[in-house]
Each structure stands twice: as structure tokens, then as C-alpha cells.
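A.B. asks: Attaching a single structure in C-alpha cells format; questions to follow.
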Amino acid sequence: MRTPLAVASAALALAAVACATAAGSGGAASPDAAGERLYRGHCGSCHRLRDPAEQTRERWAWAVNRFGPRAHLSPEERRLVLDFLQARAKDAAPAASQEAR
């Protein structure tokens, strides 16, 4: 049986690896890929990730503004996450959501 401390430690280790990988990529990753990586690494470390198409662009903006600081995301990181989520939101422009996938 895993203790909550062990699970939390493993989640932090995975987030650290994801951040180190992002920092070591030499800037080759697109902003969209960086936003997805941040979303999966930071948001996913605390709870189940939601499909971006489950929420509207406005709801994603609220969530990122509300929880981004709790996830220790910088303003630039919050912008990347929000851009990633809003491009795939249920009310995103059809062309934008198709190009982003």
C-alpha cells in the first residue's frame, strides 16, 4: 500500500522531470506543446485532467486565473496553459481547434 507521502513525492518527481525536460529542449518545442506539458505536469499532479473540450474559453480563463497561482505557474506559464486549453475549448473556433490537434 502506498502512503500519501509516497504518492505526493512521486507526483513531484514526475513534475520536476517534466519541467527539466522542457527547460532542456533548447526552445525547440512550440508554445502549444509547452502549454500542454505544463497543463499535464502541473494541473495533473493534483487532480484528474479534464478534456479541454469539456469547458468554454471563459471557464478555462477563470480556472487558470484561479488555480494557476496555486499550481505555482508564472504569468507566462499561465498564458501558455490558457492558450492551449482555449484552442481546444468547446466554443473554440472550428478551424483553430482542428489545426491545434
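Since every read-out is calculated from the coordinates, none of them should be taken as a lab result. These numbers come from a predicted model, not from an experiment. In this analysis, Cβ positions are derived from the backbone assuming ideal geometry, glycine residues included, and neighbour counts consider all displayed protein chains.
A.B. asks: Using Cβ counts within 10 Å as a stand-in for footprinting exposure, how do Ser45, Ser30 rank, fewest first?
C.D. replies: Details: Ser45 16, Ser30 9.
Ascending number of Cβ neighbours within 10 Å: Ser30, Ser45.
A.B. asks: So what are the ³J(HN,Hα) numbers for segment 42-48, from phi and the Karplus equation (6.51, -1.76, 1.60; θ = phi - 60°), rounded to whole Hz, Gly and Pro as x?
C.D. replies: Working through the residues one at a time gives 8, 5, x, 6, 10, 7, 4 Hz.
A.B. asks: I want to check the label-to-label distance for Lys90 and Arg40. Put each point 7 Å from Cα in the C-beta direction and report it in nm to one decimal.
C.D. replies: 2.4
A.B. asks: Something else about it: Most exposed first by the Cβ proxy, i.e. fewest other Cβ within 10 Å, how do Asp51, Asp32 rank? Each step should come with its number before you reach the end.
C.D. replies: Working: Asp51 8, Asp32 16.
Ranking Asp51, Asp32 by Cβ neighbours within 10 Å, fewest first, gives Asp51, Asp32.
A.B. asks: Using mean Cβ contacts within 10 Å as the protection proxy, how do 64-71, 76-83 order, highest first? Could you put the intermediate results ahead of the total?
C.D. replies: Working: 64-71: 15.0, 76-83: 18.9.
Taking the mean over residues of other Cβ atoms within 10 Å, the ranking is 76-83, 64-71.
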